[in-house]
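Visitor: Dropping the structure in here first, questions after.
The values are calculated or read from the model by the stated rules, or taken from the named source; none is laboratory data. Since the structure is predicted, the reported quantities are computational estimates derived from the model, not experimental observations. Using ideal geometry, Cβ is built from the backbone for each residue, glycine included, and neighbour counts are taken over all protein chains shown. These area figures cover heavy atoms from the full protein model, side chains too; ligands, DNA and RNA do not enter into them. Shrake-Rupley method; radii C 1.70, N 1.55, O 1.52, S 1.80 Å.
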Amino acid sequence: MKQPLLFIRYLQRKLDIWLIAAVVIGSLLLAPLLMVFIGIAQPSPEWQHIRATVLPRYVLNTCLLILFVGGLTLLFAVPSAWFVAFFEFKGRRFWQWTLVLPLAIPTYVAAFTYYDLLDWMIPVWIYIRQTWGISAAQWAEQIVRYGLLIVLLSSVLYPYLFLSLRTAFKRQQSIFFEASRMLGKSPWTMFWRVGLPLARPAFVAGLSLIVMEVINEYGAVHFFGVPTLTEGIFRTWFGLGDRVAGLRLAGIMLLFVFIVLGLEYWQRRRLRFTEASLSGAMVSRVSLSRRASVLVNLLCCLPLMLGFLFPVGRLVHWAYLSYHSHKFSDFFVQGLHSLLLAAVVAVILTLIAFFLSFCAKVHEGAGVQRFLRSATLGYAIPGVVIAVGTMQLFGHVDRYSGMSWMLSGSLFAIGFAYTVRFMTVSYQPISAGMQNVCSHLHDASRMLGQSHLRTLTAVHWPLLQTTLLAGAILVFIDIMKELPLTLILRPAEFETLATYAFGFAKEGQIYHSALPCLVIISLGAVGLFYINRWLESVQER
Amino acid sequence: MMLEVKSIWKTYANCSNAAVCDVSLQVANGAFTALVGESGSGKTTLLRMIAGLQVPDKGAVLLNGQQVAGGDAWIPPEKRGVGMVFQGGALFPHLTVEKNIAYGLSHLSRSERAATVREYLELARLPTAARRYPHELSGGERQRIALVRALAPKPNLLLLDEPFSNLDVALKAALREEVHSILRAKQMTAILVTHDPRDAHSFGDRIVIMRAGIIEQQGTRQTVVENPSNAYCAQLLH
């Protein structure tokens, strides 16, 4: 008799409303991923064919892009972050702000602006064909096409690494560099032997984000005709109509993602190694000579030129040529769709992230922490995988509830999928803020007799408002840019600025895509300006 | 007896050794107890279990004879009637001094709250600091406000977690005296956690020495200082 009673009391103690809510929300966030895994086991009519013919190409192309884009982003991001963090030169503040701007450019928009450069090469292909034959011309064209795709992806994705490294470099303690100097080391040796190794976790985290963005890429690879796994899912799901084969390709993509996450986790375990660099006097910047300043300015100019000025310049020109042919009522409606959808989801998602972070704070047990960490990993999962998982999930709900296409073709489905995908973006900073800023204050509030709910509203909410706003803006920018997930899940006849622009570009009306692209970029740039200012203030604190 | 801790244990998930193992402790009404030990000795963990901020793996905590932790009993920290002063003060940076003190007084009416805040500002000898924010106070002022904030809800037991650790030597000595007199005036029962033997000497009627999760020695100040049970205790307090 006593045992069940004890068990009930144990449950009463352990299971409170915060924990139950966290588990329910976390399970919902994990559900699309689970649907992908369940779907893989079903029979697929086309799988054998896909495996024998196109799968090796999808995998090879994905690997090639990861390798070369990863390499080129290092060249763009590492030196510029180092110069901005460690040296004083004319233009440093300008570069500090502007080098993050390419983040506002969606990769598919950059692809529109770069693609017609291939047309300029036609005389070269003709010359090669006449001189060395048709296969040589095909090879040359393919190399240039892949090369151009790698350059454009690298030039808009490098800010992930730049931001992460810039923050890490700025937080490094001067004593390590002073010791290195006293041992007679040059600035180059200090960078190579001290600065970069100390920033290793940030380096790996930034690079992992870039790799995951490359795995997730759809618009640019589709436009350049480079079939990767994402493109494969679209072709299999919508072209061949084989959902299970699509889910299996999604499973292979997840394998890539888990490898990246595993490597990142392995590196993070060494974080303690660099924690010593978080306290003490920060590095004071070294002034550069005038000649060195000119060189550094030129070096910083290159990624900004490729990743922002060139695409935006072309878009402005095209928008000028084509603005009169837009039906402004259509344009206004698509803009409103994008803005409302992005704003509403960003607000709801941020509130959920805030709530989940608080649940994680209240329940510091390793099991709850691990569960919530897995449930908020959506950013690592490609948008297309989340989209097919959500379709499967809501398809089941519709079927079993007897409401055909009620949920799976609705705005709710798209909002849900955005929440799954972008939860990480908001959850990570809020959770970190709660751990760092509020740790003692939470306990103090409890010791002053206040409940969890009152602590949440009176302490955490006011203290984390800036972080919450920054998280919401990041999510807003990401949703405005998001393409593959929106393409799959949008209700019939529903367009956002991203799908509207992509539709024009796909039909060869690139000039017409310029105006919606510029609106997406402008909103993104304004958001990034705020985020950059926030990051600066956090670092100065 | 105000506080009884019975054979309490705590092991952290990522650590093979127990942070607190089989510790028992009694604190009488109105007594000042100093809990002394080096970093990692388990003194803060013990204090947090008494406060209810951590759940013991085994053992029991009793406050005024009522079991608040252990077995199937659990009373959350906000309902134990225990106050705590944190290392560094933990004043809410977004609230003024008066709002910080009033934070734990939500059960009082507005006028009672205002009167209590005034009373405790006087006690902290900072009557004009009501509208100031924590960052506008000096280190000593911040700790005095943290102390009166913890005292304002009239707890039965006050826990002080290394409240003097971030202060310079002169300020530390002055504040130590001041805290002592405030607590005496309020007839509080208090436990002070510290790694500084001077704090223990001047604060504790009783001294408890902890090392590696266990109690090495406990007793009145005179007994512990004059008759240390082993070389470690002798070295720690001298």
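Visitor: What number of residues within the range A:325-347 satisfy the criterion of being among the aromatic types (F, W, Y) and open to solvent by less than 70 Å² (accessible area, probe 1.4 Å)?
Guide: 1
Visitor: Scan the range B:71-84 for residues that are at negative phi and open to solvent by 50 Å² or more (accessible area, probe 1.4 Å) and jot them down.
Guide: B:D72, B:W74, B:K79
Visitor: Filter the range B:137-151 for residues that are away from chain A (no Cβ under 11 Å) and of a type in the set (D, E, K, R) and give the result.
Guide: Within the range B:137-151, B:E141, B:R142, B:R144 meet the criteria.
Visitor: Which of the residues spanning the range B:202-224 are without any contact (Cβ under 8 Å) to a residue 40 or more places away in the chain and surrounded by fewer than 18 Cβ atoms within 10 Å (Cβ to Cβ)?
Guide: Result: B:S202, B:G219, B:T220, B:Q222, B:T223.
Visitor: Could you tell me which residue of the range B:120-141 is nearest to B:H94 (Cα to Cα), considering only residues that are under 24 Å from the mean Cα position of the chain (by Cα) and open to solvent by 80 Å² or more (accessible area, probe 1.4 Å)?
Guide: B:Y133
Visitor: State whether the residues of the range A:496-505 include one that is within 14 Å of chain B (Cβ to nearest Cβ), assigned to a helix (DSSP H, G or I), open to solvent by 20 Å² or more (accessible area, probe 1.4 Å) and small (G, A, S).
Guide: no
Visitor: For the range A:485-495, how many residues are open to solvent by 10 Å² or more (accessible area, probe 1.4 Å) and either in contact (Cβ under 8 Å) with a residue 24 or more places away in the chain or hydrophobic (A, V, I, L, M, F, W, C) (or both)?
Guide: The total comes to 7.
Visitor: Right, here's the next one. Residues B:A28, B:A19: which one is away from chain A (no Cβ under 14 Å), touching a Lys or Arg at 6+ places or on another chain (Cβ under 6 Å) and in contact (Cβ under 8 Å) with a residue 24 or more places away in the chain?
Guide: B:A19
Visitor: Output yes when any residue across the range B:62-70 is surrounded by 15 or more Cβ atoms within 10 Å (Cβ to Cβ) and either within 12 Å of chain A (Cβ to nearest Cβ) or small (G, A, S) (or both), and no when none is.
Guide: The answer is yes; a qualifying residue exists.
Visitor: Let me ask you something else. Out of all the residues in the range A:35-85, which are farther than 30 Å from A:V286 by Cβ and small (G, A, S)?
Guide: A:G39, A:A41, A:S44, A:A52
Visitor: Next question. Identify the single condition in (1) in contact (Cβ under 8 Å) with a residue 24 or more places away in the chain; (2) within 14 Å of chain A (Cβ to nearest Cβ) that B:R113 does not satisfy, given that it satisfies every other one.
Guide: Of the numbered conditions (1) in contact (Cβ under 8 Å) with a residue 24 or more places away in the chain; (2) within 14 Å of chain A (Cβ to nearest Cβ), the odd one out for B:R113 is (1).
Visitor: Go through the residues of the range B:144-154 one by one and say whether even a single one is at pLDDT 85 or above, charged (D, E, K, R) and open to solvent by less than 10 Å² (accessible area, probe 1.4 Å).
Guide: yes
Visitor: Tell me which residues, restricted to the range A:80-102, are assigned to a helix (DSSP H, G or I) and farther than 11 Å from A:R166 by Cα.
Guide: Hits for the range A:80-102 are A:R92, A:R93, A:F94, A:W95, A:W97, A:T98, A:L101, A:P102.
Visitor: I've got another one for you. Pick out the one residue from A:L263, A:L254 that is under 24 Å from A:Y160 (Cα atoms) and surrounded by fewer than 18 Cβ atoms within 10 Å (Cβ to Cβ).
Guide: A:L263
Visitor: Now for a different question. Which members of the range A:237-259 meet the condition of being at pLDDT below 85 and among the basic types (K, R)?
Guide: Scanning the range A:237-259 gives a single hit, A:R243.
Visitor: Then there's this: Return the residues of the range A:139-154 that are surrounded by 16 or more Cβ atoms within 10 Å (Cβ to Cβ) and farther than 14 Å from A:L65 by Cβ; say none if nothing qualifies.
Guide: If the condition is that a residue be surrounded by 16 or more Cβ atoms within 10 Å (Cβ to Cβ) and farther than 14 Å from A:L65 by Cβ, then A:A140, A:E141 are the ones that fit.
Visitor: Looking at the range A:457-470 only, could you name the residues that are buried (at least 22 other Cβ atoms within 10 Å of the Cβ), of a type in the set (V, I, T) and within 30 Å of B:L158 (Cβ to Cβ)?
Guide: The answer is A:V459, and nothing else.
Visitor: Let me ask another. Show me the helices (runs of 4 or more DSSP H) entirely contained within the range A:348-456 in which 3 or more residues are within 24 Å of A:V36 (Cα to Cα) and either open to solvent by 10 Å² or more (accessible area, probe 1.4 Å) or within 14 Å of chain B (Cβ to nearest Cβ) (or both).
Guide: In the range A:348-456, the matching helices (runs of 4 or more DSSP H) lie at A:366-375, A:383-401, A:411-447.
Visitor: Pairs please, first residue from the range B:83-96 and at the interface with chain A (Cβ under 7 Å from one of its Cβ atoms) and under 14 Å from B:A152 (Cβ atoms), second anywhere and assigned to a loop (DSSP other than H, G, I, E, B) and charged (D, E, K, R), Cβ atoms under 9 Å, 6+ apart in sequence or on different chains.
Guide: Between residues of the range B:83-96 that are at the interface with chain A (Cβ under 7 Å from one of its Cβ atoms) and under 14 Å from B:A152 (Cβ atoms) and residues that are assigned to a loop (DSSP other than H, G, I, E, B) and charged (D, E, K, R), the close pairs are B:G83/B:K154.
Visitor: With A:A52, A:A77, A:A31 as the choices, which residue is without any contact (Cβ under 8 Å) to a residue 40 or more places away in the chain and within 30 Å of A:I233 (Cβ to Cβ)?
Guide: Every option except A:A52 fails the conditions.
Visitor: Another question, if that's okay. Exactly one condition in (1) modelled with pLDDT of 90 or more; (2) in contact with a Ser or Thr (Cβ under 6 Å, 6 or more places away or on another chain); (3) among the charged types (D, E, K, R) is not met by B:R132; state its number.
Guide: (2)
Visitor: Among the residues of the range A:458-465, is there at least one that is closer than 30 Å to A:T486 by Cβ, away from chain B (no Cβ under 13 Å) and without any contact (Cβ under 8 Å) to a residue 60 or more places away in the chain?
Guide: The answer is no, given that none of the residues of the range A:458-465 is closer than 30 Å to A:T486 by Cβ, away from chain B (no Cβ under 13 Å) and without any contact (Cβ under 8 Å) to a residue 60 or more places away in the chain.
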